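A short worksheet on the structure shown next.
The values are calculated or read from the model by the stated rules, or taken from the named source; none is laboratory data. Note that the coordinates shown come from a computational prediction; the quantities given were computed from them, not determined experimentally. In this analysis, Cβ positions are derived from the backbone assuming ideal geometry, glycine residues included, and neighbour counts consider all displayed protein chains. Ligands, DNA and RNA are stripped out before the accessible areas are found, and what is left, the full protein with its side chains, is counted by its heavy atoms. Shrake-Rupley method; radii C 1.70, N 1.55, O 1.52, S 1.80 Å.
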Amino acid sequence: MIRIFIGYDPREAVAYHVCANSIVRHARQPVAITPLALHTLPDYRETHGDGSNQFIYSRFLLPHLTGFEGWALFMDGDMVLREDIAQLWALRDERKAVMCVQHDYKTKAQGKYLGSKNQDYPRKNWSSVVLWNCGHPANRVVTPAFVENGTGAQLHRFTWLADELIGALPREWNWLPQEFGPNPDAKLLHWTLGTPCFHEYADDPMAAEWHRERLLADYSLQRHA
């Protein structure tokens, strides 16, 4: 069973459902998908005042939510899978505490969806797709209190981990079409500036794939008279 947690924000609820549908549609083995929604996390109190979405910090609760056992995958909601998620799951390395695409870029935009600021910072977007080795001893410190008291720089840069414990994933598993342009070989598309459900991003690079997935998520077979 592949355990997957997807960031959920009620301001763009459609993004979660489209992302989940793309995972299920391509999957070739069982998946367990959990929406990471703040109102379902009684052990956690959101203390941070920054961030462009409601799961900006709760994403770091995966070791706690899994009882510090096994592996789990976190994904932002503004994503669409183009391949079987099992291919990503197969890249797990027991020697690592987390695994992510280690982006190194400067953003093209100063703003993002709903008027949020879009700032450059070290390890930007590393935490948007993370394979968590929840049982790794180095992740035992990542408790709800740790997350509540941690700063964005501390958490998003995985500063509790030595660099050798942060494994690298291929860029195709967290491709940013709004920053890097189209990529026919991308396995996971991430519209980090704004999901194409927002009008100003509806025609962004590769957005047609998101709109198609939305139609598939809204599909039901009808009986013909």
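Numerical summary
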quantity	calculated
Share, in percent, of DSSP beta bridges within the chain that are antiparallel, nearest 5	45 percent
Share of alpha-carbon pairs per 10 Å distance bin for the stretch 153-194, given as whole %	25, 36, 33, 5
Surface accessible to a 1.4 Å probe, E200 within the full protein complex, Å²	110 Å²
Amide proton proximity set for V98, modelled H, under 5 Å, gap of 5+	N133, G167
Where V130, V14 fall by accessible area, highest first, once all protein chains stay in place (1.4 Å)	V14, V130
Value of relative contact order over the stretch 139-206, rounded to a whole percent, pairs C-alpha under 8 Å and six or more apart	21 percent
Cα shape, the stretch 1-82, gyration tensor, a/c 1.5 rule	oblate
Part-to-part distance (alpha-carbon centres) for the stretch 122-143 and the stretch 1-74, which is given in Å	13 Å
Shape category assigned to the stretch 54-185 from the gyration tensor of Cα positions, a/c cut at 1.5	oblate
With DNA, RNA and ligands ignored, accessible area of F5 (1.4 Å probe; Å², nearest 10)	20 Å²
Protein accessible area in the stretch 135-193, 1.4 Å probe - carbon and sulfur %	53 percent
Charged-residue dipole, Cβ positions (Lys, Arg, Asp, Glu), the stretch 1-103 about Cα centre, Debye nearest 20	260 debye
Table column - 3J(HN,Hα) (Hz), the stretch 28-33, Karplus curve with 6.51, -1.76, 1.60, x for Gly and Pro	10, 8, x, 10, 10, 9
3J(HN,Hα) from dihedral phi, the stretch 118-129, Karplus parametrisation 6.51/-1.76/1.60, rounded to Hz, x for glycine, proline	10, 9, 7, 7, x, 6, 4, 6, 4, 8, 7, 9
Amide H contacts of R3 (H built 1.01 Å from N, under 5 Å, at least 5 apart or other chain)	A32, L73
Fraction of accessible area attributable to carbon and sulfur, the stretch 5-58 (%, probe 1.4 Å)	52 percent
Surface accessible to a 1.4 Å probe, per residue, for the residues of the chain, Å²	48 Å²
Percent of C-alpha pairs per 5 Å bin, the stretch 140-225, short to long	3, 11, 15, 13, 12, 14, 13, 12, 4, 1, 1, 1, 0
For the stretch 210-217, Karplus couplings with θ = phi - 60° (6.51, -1.76, 1.60), whole Hz, Gly/Pro x	5, 5, 5, 5, 5, 4, 5, 5
Dipole magnitude (debye, nearest 20) for the chain, charges at Cβ of Lys, Arg, Asp, Glu	200 debye
Solution diffusion estimate, µm²/s, Stokes-Einstein, the chain, Kirkwood Rh from C-alpha pairs, 20 °C, viscosity 1.002 mPa s	120 µm²/s
Cut-off under 5 Å, modelled amide H: who pairs with L36 long-range	I6, G7, Y8
Lysines with Cα under 16 Å of K106, excluding same-chain neighbours fewer than 8 positions away	K117, K124
